[in-house]
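Novice: Can you keep this structure in mind? I'll have questions shortly.
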Amino acid sequence: MIALAFLAKTLRIAIPYLLAAAGGVMSERAGLIALTLEGYMLGGAFCAAVASYYTGSPWIGVLAGVTGGTLLALLYGLGSIRYRANQVVVGIAINLLAIGLTRFLLRFAFDSSSNSPRVPGFITEQSGTGFGALARNPLVWLGLVALPVTAWWLYRTPFGLRVRAAGEHPEAALCRCSASAGSRSRSPA
């Protein structure tokens, strides 16, 4: 019984890491160093906790968490892609920004720099081993489906082929675009 409870808790804790790993695979295959996953998770967790606490809805918390992680990812993309900054430096800076900003905002929102109060979740009752609660949690199913769907998306769709091609050789992706643009501008003689 204790082993089953331990397995259920391990699976529950692994779900955020599965979701982050799916995003990290997409990032790495696109040619960006996925060094900022910890910062995305921290920013997303903070936004989810604040939104869920103040609205009382776990679904709004999930949407806020996705939004918080996405905003940090956009900041990383802006620094690394648009301004061509070193990806490792930008990644470390975003991780440090997420650590400092979440601690500051936790102090501001909840008068604690380490934890938020308990927030409404998807499960209210526990079964003997915890597997019943896991089976009713939609995020568990989303996390378990995320990696196979990511693999299918990367290796079985045209979008995935483009992502992998840009990650393997970005200059070729740029040359193809500029070459096709140049061939369209020429008029036949």
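The values are calculated or read from the model by the stated rules, or taken from the named source; none is laboratory data. From a predicted model like this one, the values you see are computed outputs, not experimental measurements. Each accessible area value is taken on the protein alone, full model and side chains, heavy atoms only, with ligands, DNA and RNA left out. Shrake-Rupley method; radii C 1.70, N 1.55, O 1.52, S 1.80 Å.
Novice: At a probe size of 1.4 Å, how large is the accessible area of GLU171, to the nearest 10 Å²?
Specialist: 100
Novice: Another question, then. With every protein chain kept in the model, how would you rank PHE131, PHE108 by accessible area, 1.4 Å probe, largest at the top?
Specialist: Values: PHE131 75, PHE108 165 Å².
Highest to lowest solvent-accessible surface, that is PHE108, PHE131.
Novice: Throw me the Rg/Rh for region 13-95, computed over C-alpha atoms with Kirkwood Rh, two decimals. Before the final figure, lay out each step's value.
Specialist: Details: Rg = 13.3 Å, Rh = 13.1 Å.
So for region 13-95, dividing Rg by the Kirkwood Rh gives 1.02.
Novice: Give the ranking of LEU101, LEU154 by solvent-accessible surface, highest area first, calculated with a 1.4 Å probe.
Specialist: These residues rank, largest area first, as LEU101, LEU154.
Novice: Rounded to the nearest 500, what is the 222 nm mean residue ellipticity of the chain from helices alone, with -39500 (n - 2.57) per DSSP H run of 4+ residues and division by all residues? Please report the intermediate quantities before stating the final value.
Specialist: On the way: 8 runs with 142 residues, N = 189.
Per the formula, -25500 deg cm²/dmol.
Novice: Which value, in Å² rounded to 10, gives the accessible area of TYR53 with a 1.4 Å probe and all protein chains present?
Specialist: 100
Novice: Could you report the accessible area of TRP152 in Å², rounded to 10, computed with a 1.4 Å probe on the protein chains as they sit in the structure?
Specialist: For TRP152, solvent-accessible area is about 150 Å².
Novice: In bins 10 Å wide, starting from 0, what share of all Cα pairs of the chain does each bin hold, as a percent?
Specialist: 9, 26, 31, 20, 9, 4, 1, 0, 0
Novice: Further question on the same structure: Compare VAL163, VAL145 by solvent-accessible area with a 1.4 Å probe and give them largest first, with all protein chains kept in place.
Specialist: On the way: VAL163 20, VAL145 75 Å².
Putting VAL163, VAL145 in descending order of accessible area: VAL145, VAL163.
Novice: Could you pull the Cα extents of region 43-140 along its three principal axes, largest to smallest, in whole Å?
Specialist: If we take the Cα atoms of region 43-140, the spans are 51, 30, 23 Å.
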